[in-house]
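We did not get these values from a lab; they are worked out from the coordinates using the rules stated. Given the structure is predicted, the values throughout are model-derived calculations rather than measurements. Note that we place each Cβ from the backbone using ideal geometry, even for glycine, and neighbour counts take in every protein chain shown.
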Amino acid sequence: MDTAVISLGGSIIVPGEIDAVFLRRFREMVLKLEQRRFFIICGGGSICRKYQGIAREIAEVSKADLDWIGIRATRLNAELVRSMFGNLAHPGVIHDPQAPIDMDRRVIVGAGFQPGSSTDLRAVELARRFGAHQVVNMSNIEYVYSADPKKAPDAKKLTRMSWPEFRSLAGDEWDPGLNMPFDPIASREAEAAGLKVAIIGNDIPNLERLLKGEPFRGTMIGET
């Protein structure tokens with residue numbers, strides 16, 4: 001059975017309020033692709049940033065504590081996503097990427113594990129463990145640009161790029177709440193593992209085309 005590893009950004013699970021329309025469509029697509037196993041690693045979204053923001057307002061909070069707030073938010077989102085698949089899903093959300101997994105289940109849902117990186121790293125670790133060749137990153141970012149398009153109106157969409165090119169844009173430092181197309185720590189590990197990462201936004205038909213090997217909108221990192 002082919003394996004798809006999806007880093008499902010919290011920004012599309014909970015962009016402000018929980019996006020039930022998106023989640024319903026995502027579930028329908030997963031159910032339709034019956035010959036594929038899905039690892040779905042959930043991010044924190046607006047609920048994460050709201051809690052982190054309040055913590056910063058009230059006191060000087062350590063990066064580790066901010067990370068733990070984010071990790072708990074990812075686990076809440078992951079419980080929601082896991083519950084949508086009933087008995088198709090592995091019982092319980094995966095935190096530790098080395099934990100035992102019931103591979104008779106077609107859907108495995110994961111969340112944050114330890115401070116120092118985002119759920120993108122968990123997706124990379126699971127892809128490496130189970131022999132997937134790519135990670136699909138779904139978020140509110142559809143492409144990687146040559147510069148921040150909010151600051152540089154002439155920034156160009158990039159559809160193919162190497163890992164060195166991406167990492168020169170993303171940097172090497174992790175910060176809780178960092179809003180990048182893909183976590184710098186996960187990027188380093190993905191490059192070392194020879195993985196590709198597809199940045200594709202939140203369009204479900206676009207995801208399905210990618211999984212079927214058809215042309216898609218987005219940026220493929222790890223090839224030129």
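Taking the conditions exactly as written (under 17 Å from G222 (Cα atoms) and within 15 Å of the chain's Cα centre (by Cα)), does A111 satisfy them or not? Spelling it out, it is not the case that A111 is under 17 Å from G222 (Cα atoms) and within 15 Å of the chain's Cα centre (by Cα). Among residues of the range 24-46 being in a helix (DSSP H, G or I) and small (G, A, S), the one that is surrounded by the fewest Cβ atoms within 10 Å (Cβ to Cβ) is S46. Can you pull out the residues in the range 85-138 that are more than 29 Å from V61 (Cα to Cα), crowded, with 19+ Cβ neighbours inside 10 Å and β-branched (V, I, T)? Scanning the range 85-138 gives V107, I108, V109, V135, V136.
The single condition among (1) more than 19 Å from the chain's Cα centre (by Cα); (2) outside any helix (DSSP H, G or I) that P15 does not meet is (1). Just one of the numbered conditions (1) in contact with a strand residue (DSSP E or B) (Cβ under 8 Å, 6 or more places away or on another chain); (2) within 18 Å of G201 (Cβ to Cβ); (3) surrounded by fewer than 16 Cβ atoms within 10 Å (Cβ to Cβ) is not true of L8: (3).
Taking the criterion of being farther than 19 Å from P149 by Cβ and touching a residue at least 24 places away in the same chain (Cβ under 8 Å), the residues of the range 199-219 that qualify are I204, L207, E208, L210, L211. Given the condition touching a Pro at 6+ places or on another chain (Cβ under 8 Å), surrounded by 18 or more Cβ atoms within 10 Å (Cβ to Cβ) and more than 23 Å from D65 (Cα to Cα), answer yes or no: does some residue in the range 196-205 qualify? Yes: one or more hits.
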